[in-house]
1. Amide H of Val133: which non-local residues (sequence gap of 5 or more, or other chain) have their own amide H closer than 5 Å, using H built in the peptide plane?
2. Taking a threshold of 26 Å on the Cα-Cα distance, which of the pairs Lys240/Lys343; Lys363/Lys388; Lys70/Lys180; Lys104/Lys246; Lys26/Lys324 fall above it?
3. Restricting things to alpha carbons, find the Rg to Rh ratio for the stretch 317-371 using the Kirkwood radius for Rh.
4. Could you tell me how many degrees, from 0 to 90 and to the nearest 10, lie between the Cα long axis of helix 40-68 and the main elongation axis, the longest principal axis, of the Cα atoms of the chain?
5. Between Tyr370 and Arg232, what is the label-to-label distance in nm when each label sits 7 Å out along the Cα-to-Cβ direction?
6. Convex hull over the alpha-carbon atoms of the chain: what's its volume per residue in Å³?
7. Step by step: find N for the stretch 233-318, compute 2.2 N^0.38 Å, then divide the Cα radius of gyration by it. What's the final number?
8. Roughly what % of Cα-Cα distances in the stretch 53-109 sit above 12 Å, to the whole percent?
Amino acid sequence: MFNPRTLKVIEISMKIYSSLGSNPYKWKSECGSFSASTTVTRKFTFFIAVSHTFFLLCFLIWRLVQHTQKLESNRSFQAIVWLWIWIILMSWSLVTLYNGWTKKWEIVALFNGVRLLTANLEREYPAATMRRVLWKFNIIDVHFIAVIWIVLMYAVAVTLMFSVVPARQQYFYSLISSSKPDKMDVIFLTFLIFEAYAKTSQVFMMGTEAFSILPTLLPTAFWMDYFRRIGRNTAPISEKISIFQKFHLLITYYNHAFVTLLPPMLSVLNPTALCVTCCFAAIRFRSFLPIFEYIPFPIIFNNELVVIVVTLLPAAAVYDVSDKLRRHIRNEVNSGSGKVSRKRLATLHAFGVRIGPIRKVRKIAILMCYNLIANYIFTLLITFPQEKVSR
């Protein structure tokens, strides 16, 4: 499961995300894992990432207040929408940075614990292999590669966007220039470098959340489904109960490895808000925006729909397979089983990933999110008809 190829993919991911020093981790090649970095240099670069994210969020809120106080005839819906989108992203990034700093040791321990548990299970049950999904890559590899692709494309896209429209209200550069600048001007190049560094360092920290989510939820779902499918000859009932309890303990620790606000922001609140905003903008701004300024809206909308599925589906799968395994064990524990086995069975309960007030997220949550998105999109379209948002 965590074979040399998978570990190499994870190592490449970590080295990319830690290249700017915006996350508190470092890769340890000698043990094939990562650890928290406590060097002065890493603390300084991490503090820089937190500082510019915080000040940028304050700047965006100030700009949004300015625009909302303007007369309706002078108000730019396009500027308000972009300010709102960047406020969502900066809030998301700030919470991720806070979680990375306060929970770094828990995340390291979680990754190492998952590796140890899966390695022991692979030695005991060598027939259990995670099938390849794409070429030689298993599902864990594919998820990590997809996250790398999304992160790098995001960094390139936001840098190109600033280089084309640097005077937009969401950028610091708009404070000193409101016209199209000379692309070779020193001041412009300085702001371009800052924007590229700031947005890239933020998304690198956001991408680091994959190291706690993917290596935990995907192997958990795989192993619990495997033990549900095999018979008593391969694994006795006492062993299945023990495995169930171990993964229950693992998911309980996983739920405590995040600050309370991060899971709902990562899986529901921010993707939903971005989907609603970008879909509304894609519909209402289509008639007057140039193609380069218009295309980010449908792209962000589609990406966030995928984010909801990618984050909620593995989380929902944990509850689904735990409930199925519990039922399977209960069916195998008959009246002829020992008293100890029956007592251990009574302590088993289906468990799942906690997201905010939802203690065990289920697959229906994905449909509920999509339904909520559709309702809010139609509400905004009715509230703000075309003539109110056009130039």
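1. HN-HN under 5 Å from Val133: Asn138, Ile139.
2. Details: Lys240/Lys343 14 Å; Lys363/Lys388 38 Å; Lys70/Lys180 24 Å; Lys104/Lys246 22 Å; Lys26/Lys324 38 Å.
Long pairs (Cα-Cα over 26 Å): Lys363/Lys388; Lys26/Lys324.
3. Values: Rg = 14.9 Å, Rh = 12.9 Å.
Expressed as Rg/Rh, it is 1.15.
4. Tilt relative to the chain: about 50 degrees.
5. The two pseudo-label positions are separated by 4.1 nm.
6. Values: hull volume 61.5 nm³, N = 391.
In the chain, the Cα convex hull volume per residue is 157 Å³.
7. Numbers: Rg = 20.3 Å, N = 86, 2.2 N^0.38 = 12.0 Å.
Dividing the Cα radius of gyration by 2.2 N^0.38 Å gives 1.70.
8. When all Cα pairs of the stretch 53-109 are counted, 69 percent exceed 12 Å.
No value in this document is a laboratory result; all are computed from the given coordinates. Source: prediction; values computed, not measured. Neighbour counts are summed over all protein chains in view; Cβ atoms, including those assigned to glycine, are modelled from backbone coordinates with ideal geometry.
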